[in-house]
């Protein structure tokens, strides 16, 4: 299990999100930004349209470096 903040994942708050895998973290982050930060969700959607792998390329190394809890 790893825990990262919304901000560490590209969002804008300090809410902690936890997941067992990168795929689970992506789902948790997506739900969080849609529910709490619709403006960030819109930005991420636009980024995804331009380059579907950009967010992952920038963020997954942070996940990989995060300590296991």
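A short reminder: the numbers here are calculations on the coordinates, not readings from a lab. Note that the structure is a prediction, hence the values are computed from the model and not measured. Neighbour counts are summed over all protein chains in view; Cβ atoms, including those assigned to glycine, are modelled from backbone coordinates with ideal geometry.
When the stretch 17-28 is filtered for residues that are out of contact with any strand residue (DSSP E or B) (no Cβ under 6 Å at 6 or more places or on another chain), in a helix (DSSP H, G or I) and under 17 Å from residue 6 (Cβ atoms), the ones remaining, listed by number, are 22, 24, 26, 27.
Looking at residue 4, is it surrounded by 14 or more Cβ atoms within 10 Å (Cβ to Cβ) and in a helix (DSSP H, G or I)?
Numbers: surrounded by 14 or more Cβ atoms within 10 Å (Cβ to Cβ): yes; in a helix (DSSP H, G or I): no.
Judged against the criteria, residue 4 is not a match.
Pairs meeting the criteria (first residue in the stretch 37-60 and on the phi > 0 side of the Ramachandran plot and free of Cβ contacts under 8 Å to residues at least 24 places away in the same chain, second residue loosely packed, with under 10 Cβ neighbours inside 10 Å and assigned to a helix (DSSP H, G or I), beta carbons under 9 Å, at least 6 apart or on different chains) are lacking. Among the residues of the stretch 44-69, those that are in contact with a helix residue (DSSP H, G or I) (Cβ under 9 Å, 6 or more places away or on another chain) and either assigned to a helix (DSSP H, G or I) or surrounded by fewer than 13 Cβ atoms within 10 Å (Cβ to Cβ) (or both) comprise 44, 47, 48, 51, 54, 55, 56, 59, 60, 62, 63, 64.
Would you pick out the residues in the stretch 7-16 that are touching a helix residue (DSSP H, G or I) at 6+ places or on another chain (Cβ under 9 Å) and either part of a helix (DSSP H, G or I) or over 18 Å from residue 43 (Cβ atoms) (or both)? First the steps, then the outcome.
So in the stretch 7-16, the residues touching a helix residue (DSSP H, G or I) at 6+ places or on another chain (Cβ under 9 Å) come out as 8-15.
Those that are touching a helix residue (DSSP H, G or I) at 6+ places or on another chain (Cβ under 9 Å) and either part of a helix (DSSP H, G or I) or over 18 Å from residue 43 (Cβ atoms) (or both): 8, 9, 14.
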